[in-house]
Amino acid sequence: MSDPHGLHPTIEELLAEAQAAIRRFGPADARAAVAAGAVLVDIRPVEQRERDGLVPGAAIVDRNVLEWRLDPASPWRVPHLARRDVPVILICNEGYQSSLAAHTLRRLGLDAGDVVGGVQAWREDGLPLARGGDPQAESPGGTSMSARPKRGPRAGRVGSQSGSTER
């Protein structure tokens with residue numbers, strides 16, 4: 001229920017609005033979309049990636065810098081990710097943060113969606129997760145996962161993977 005004056009939505013209402021506005025993929029469908037050319041972006045914090053493993057082939061972009069890295073007009077964009085011509089599928093821990101973030105990316109003009117149930121559903125469906133891996137490795141686009149711009153949003157990692165609750 002909204003606030004008593006009806007001026008502000010609750011987080012549940014915002015989440016429902018976001019999920020109604022984006023394309024949501026089951027884990028297997030997300031994997032198939034990536035095989036067909038979509039980009040999978042893992043926005044989980046490092047602690048969750050260390051705990052649950054890495055989604056093979058997913059780029060890592062910390063949630064706190066996601067919009068700056070994927071906005072094609074941003075001076076801090078990651079060129080191989082900040083594209084309006086390639087679908088972007090976000091994955092988080094349980095599919096809540098990714099829904100809200102994908103909705104924001106859609107407002108920036110990206111074809112963004114997310115994975116229903118996040119990495120937890122990915123694992124439950126028996127899809128691969130890689131243990132370990134070097135989070136400082138180079139990404140396919142040549143951007144170090146620890147690369148930081150000289151100006152602008154400075155926190156966060158970006159790159160490709162080799163191999164808490166969100167609310």
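The values are calculated or read from the model by the stated rules, or taken from the named source; none is laboratory data. The structure displayed is predicted, hence computed values, not measured ones. No Cβ is skipped: glycine too gets one built from the backbone with ideal geometry, and neighbour counts run over all protein chains shown. To get the accessible areas, we keep the full protein, side chains included, count just its heavy atoms, and leave off ligands, DNA and RNA. Shrake-Rupley method; radii C 1.70, N 1.55, O 1.52, S 1.80 Å.
Can you pull out the residues in region 77-103 that are farther than 20 Å from Val119 by Cβ, in contact with a helix residue (DSSP H, G or I) (Cβ under 7 Å, 6 or more places away or on another chain) and not basic (Lys, Arg)?
Going through region 77-103, the residues farther than 20 Å from Val119 by Cβ turn out to be 77-80, 82-86.
Add one more test, that the residue is in contact with a helix residue (DSSP H, G or I) (Cβ under 7 Å, 6 or more places away or on another chain), and what stays is 77-78, 82.
The answer is Val78, Ala82.
Among helices (runs of 4 or more DSSP H) lying entirely in region 19-122, which contain 1 or more residues that are under 25 Å from Pro9 (Cα atoms)?
66-70, 97-107
Looking at (1) more than 15 Å from Gly117 (Cβ to Cβ); (2) open to solvent by less than 60 Å² (accessible area, probe 1.4 Å); (3) out of contact with any Pro (no Cβ under 9 Å at 6 or more places or on another chain), which one does Pro4 not meet, given that it meets all the others?
It fails just one condition, (2).
Considering only region 88-106, how many residues are over 15 Å from Ile60 (Cβ atoms) and open to solvent by 10 Å² or more (accessible area, probe 1.4 Å)?
Going through region 88-106 one residue at a time, the tally reaches 6.
Taking region 55-74, which residues are crowded, with 17+ Cβ neighbours inside 10 Å, over 11 Å from the mean Cα position of the chain (by Cα) and farther than 14 Å from Val39 by Cα?
Result: Trp68, Asp71, Ser74.
From the list Gly142, Gly118, Gly152, Gly109, which residue is at positive phi, open to solvent by 30 Å² or more (accessible area, probe 1.4 Å) and at pLDDT 95 or above?
Gly109
May I ask you to list the residues in region 23-47 that are among the aliphatic types (A, V, I, L, M) and either out of contact with any Lys or Arg (no Cβ under 7 Å at 6 or more places or on another chain) or open to solvent by 30 Å² or more (accessible area, probe 1.4 Å) (or both)?
The answer is Ala28, Ala30, Ala32, Ala33, Val34, Ala35, Ala36, Ala38, Val39, Leu40, Val41, Val46.
Of the numbered conditions (1) within 20 Å of Leu100 (Cβ to Cβ); (2) at pLDDT 95 or above, Met1 fails exactly one; give the number of that condition.
Single failed check for Met1: (2).
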